[in-house]
Structure formats: structure tokens, C-alpha cells
Amino acid sequence: MIFTRLKALDLDWKFTFPRLNLVDFRPLGDALKAREAEESGEPDWLTYSPEEALAKDDENRQKDEEIAKMHESLDDGYLEAIEDAQTQPPPLTVEVYAAVFGHWPTGWPPTAEA
């Protein structure tokens, strides 16, 4: 019904292959802490500790490595899912689109993004 109405209105639908991504909220946390410090009126050097700064840098470096590994794992999974999708029958929504419009939607079959 939806695709029939889209076609009647001379509209289209684009298929987008699902993909998982990561979000790193550390910059937001740092910005919130900076805002709190600014609002308190205390100078930032008052609570500065070189040992804590070095420990935080080390922690951030480790977290960056973990995030890079997670990104790589998600990218590998995404490429595998695309390969699987190319050998399987299309999803029902894509088949219905093709039945109504007479061709595959933009984005089908899925390809790996550059």
C-alpha cells in the first residue's frame, strides 16, 4: 500500500543497508566538566595534577585503541553482512517495491561503501 501511494505521488524510496556505528561521548563529558569548572569560578590550574593528567592520557590512549578495534570489528561484520545479502533473496520490502515500481530501489543490491 505504501509503495503504491508513493508511486501515485511520483515519489520514490531509497534502500539503505543497516549499519552499526559507535559513538564516543568522552568529548561531551570533558566539555561538561569544563563548563562546571567555568561556572564554579575556580581557575583550572587550581585542581591540576600532573599524575592525574598522565593517567587520564594513558586511559584515553587505551580507550582509543579499544574503539579502533571495535570499529574494525563492526566494519568487518558490515562487509560480511553485505556479502550475505548479495547472495540471499532480497528483503520483502525490496521485493514489494520492485513489484510496484518495476525495478529495484536505489541502494539494492547493497554494495560496500568506499
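No lab work stands behind these numbers, since they all come straight from the coordinates. The structure displayed is predicted, hence computed values, not measured ones. Neighbour counts run over all protein chains shown; Cβ positions are idealised from the backbone, glycine included.
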*Could you list, in sequence order, all residues of the stretch 87-114 that are surrounded by fewer than 13 Cβ atoms within 10 Å (Cβ to Cβ) and among the β-branched types (Val, Ile, Thr)?*
87, 106, 111
*asked:* Given the criterion within 23 Å of the chain's Cα centre (by Cα), over 30 Å from residue 79 (Cβ atoms) and of a type in the set (Asp, Glu), identify the matching residue among 10, 30.
replied: 30
